[in-house]
Amino acid sequence: MLINNVDFDTYFKNYPDENGYFGRYGGAYISEELKAAMQEIRDAYFTIAQSRQFIAELRRIRKEFQGRPTPVSHLERLSNKLGNVQLYVKREDLNHTGAHKLNHCMGEVLLAKYMGKKKVIAETGAGQHGVAMATAAAYFGMECDIYMGSEDIKKQAPNVARMKILGANVVEVTDGQATLKEAVDAAFAAYAREYKNCIYCIGSVVGPHPFPMMVRDFQHVVGEEAREQFVDMTGHLPDAIVACVGGGSNAAGFFSGFLNDPVDIYGVEPLGRGTALGDHAASLQYGTEGVMHGFNSVMLKDENGEPAPVYSVASGLDYPSSGPEHAFLRDIGRVKYDVINDEETIDAFYALSRMEGIIPAIESAHAVAYGIKLAQKLDKGSVLINLSGRGDKDMDYIIEKYGIR
Ligand SMILES: Cc1ncc(COP(=O)(O)O)c(C=O)c1O
């Protein structure tokens, strides 16, 4: 399939290019010292991670430890209530630790083990990446430091407890807004000090090359499984697929299974409280080109051109940028990016819980809300939504802030 001169038959061979660019986005904007560290990770990824032994070990771990493949479920009651469109969800909430994040964490930490590293460093927003990282570190017997903003620590207490139980060291970050962006800043600074003994395992398809590519590739399993399962269940491809986009890892992996298919693809960003700067985190919708955290992509900027404060009810989505591949797929028109606000998200959270017996993560509820909107707009067809995680971590917060509806 050819779209705007991009050939999707050979897409994964050509994107990113050897310097980590998806069109104009991506690259590695980092200090000389970190360049050597990234080169080491890149070389290891292209040699070790492509070896038969590595692939076989990761495949075994996914099956025996993570519980993959995760199923696809038909949302029969919700679909019938909405009309003629059939909604389905890919159940990453059933992946071990309750979200898609473990898919790339097991890959990254397995790579760290093969590289002879003793320690892993990571940042976390909602705590899902932190929990997944702490789990992977425990599994492989590595030391683990997780950087987390104090605002997120307050909001995500159960995940903080989980990380500590798993043996990780949770490092509180109090700078600026004390959320995900500051946690990434602090984790990068720590990595620059300690890179000889450890690797930084970034939590999404962001950061300098090779992370956007590596994390997408480790998440590809989601799209690959979902495509095969959906075709087995229904005999055809879905008409549309939907995923939420923070940094963009669940979406990148899920979309990668369908990029070369005649399927409409939608990425959903958080509109939070509204369109004013500071009230949302919809960087693909309202951002402009800019460099942060070592990569060039879209960015929400303040009046000085620095990353702007962002907000979303979902801690895992409040990041002022998105992965470079998403900016590229937006520009060439392969993926349509749209927004869902907090209220629509909470309605979808309750709709999925009440009508299907599945409590979604607030991040994933953004995608569910968009799937519901699509079902109301289209008069027939099928929509497959990536349910990136489960909502146990969000229950106390939702009850306190929105009450039982
Ligand atoms: C359940 C869940 N979904 C989605 C996200 C957003 O991350 P990404 O856009 O990288 O998938 C997070 C981040 O913490 C998450 O916990």
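The values are calculated or read from the model by the stated rules, or taken from the named source; none is laboratory data. Bear in mind that the values here come from a model prediction, so they are computed numbers and not experimental data. Here Cβ is always computed from backbone atoms with ideal geometry, including for glycine, and neighbour counts include all displayed protein chains.
Give Glu123, Glu92 a once-over and let me know the one that is farther than 23 Å from Lys181 by Cβ and within 11 Å of the ligand (Cβ to nearest atom).
Working: Glu123 fails: farther than 23 Å from Lys181 by Cβ.
So the residue among Glu123, Glu92 that is farther than 23 Å from Lys181 by Cβ and within 11 Å of the ligand (Cβ to nearest atom) is Glu92.
How many of the residues in the stretch 259-286 are touching a helix residue (DSSP H, G or I) at 6+ places or on another chain (Cβ under 8 Å), within 16 Å of the ligand (Cβ to nearest atom) and outside any helix (DSSP H, G or I)?
Of the residues in that region, 10 qualify.
Among the residues of the stretch 79-103, which ones are small (Gly, Ala, Ser), crowded, with 21+ Cβ neighbours inside 10 Å and not in a helix (DSSP H, G or I)?
Residues of the stretch 79-103 that are small (Gly, Ala, Ser), as a first pass: 79, 83, 98-99.
Still in the list and also crowded, with 21+ Cβ neighbours inside 10 Å: 79, 98-99.
Listed by number, the residues that qualify are Gly98, Ala99.
Just a yes or no: is a residue in the stretch 48-70 touching a helix residue (DSSP H, G or I) at 6+ places or on another chain (Cβ under 6 Å), in a strand (DSSP E or B) and surrounded by 21 or more Cβ atoms within 10 Å (Cβ to Cβ)?
No - not one qualifying residue is present in the stretch 48-70.
Determine which single condition Met292 fails, assuming it passes every other condition in (1) in contact with a Lys or Arg (Cβ under 6 Å, 6 or more places away or on another chain); (2) crowded, with 20+ Cβ neighbours inside 10 Å.
(1)
Tell me, yes or no, whether the stretch 224-236 has at least one residue that is in a helix (DSSP H, G or I), within 10 Å of the ligand (Cβ to nearest atom) and not assigned by TED's automatic domain parsing to the domain that holds Tyr114. Talk me through it step by step, then tell me what you get.
Within the stretch 224-236, the first condition is being in a helix (DSSP H, G or I), and the residues that meet it are 224-234.
Next cut, within 10 Å of the ligand (Cβ to nearest atom) only: none.
Within the stretch 224-236, none of the residues are in a helix (DSSP H, G or I), within 10 Å of the ligand (Cβ to nearest atom) and not assigned by TED's automatic domain parsing to the domain that holds Tyr114.
Considering Leu102, Leu87, which residue is within 13 Å of the ligand (Cβ to nearest atom) and of a type in the set (A, V, I, L, M)?
Working: Leu87 fails: within 13 Å of the ligand (Cβ to nearest atom).
Every option except Leu102 fails the conditions.
Do any residues in the stretch 361-375 that are not assigned by TED's automatic domain parsing to the domain that holds Val245 and in a helix (DSSP H, G or I) have Cβ atoms under 9 Å from those of residues that are crowded, with 24+ Cβ neighbours inside 10 Å and at pLDDT 95 or above, where the two are at least six apart or on different chains, and which pairs are they?
That search, which allows pairs on different chains as well, returns nothing.
State yes or no: is Asp396 in contact with a Gly (Cβ under 8 Å, 6 or more places away or on another chain) and modelled with pLDDT under 95?
Details: in contact with a Gly (Cβ under 8 Å, 6 or more places away or on another chain): no; modelled with pLDDT under 95: yes.
Spelling it out, it is not the case that Asp396 is in contact with a Gly (Cβ under 8 Å, 6 or more places away or on another chain) and modelled with pLDDT under 95.
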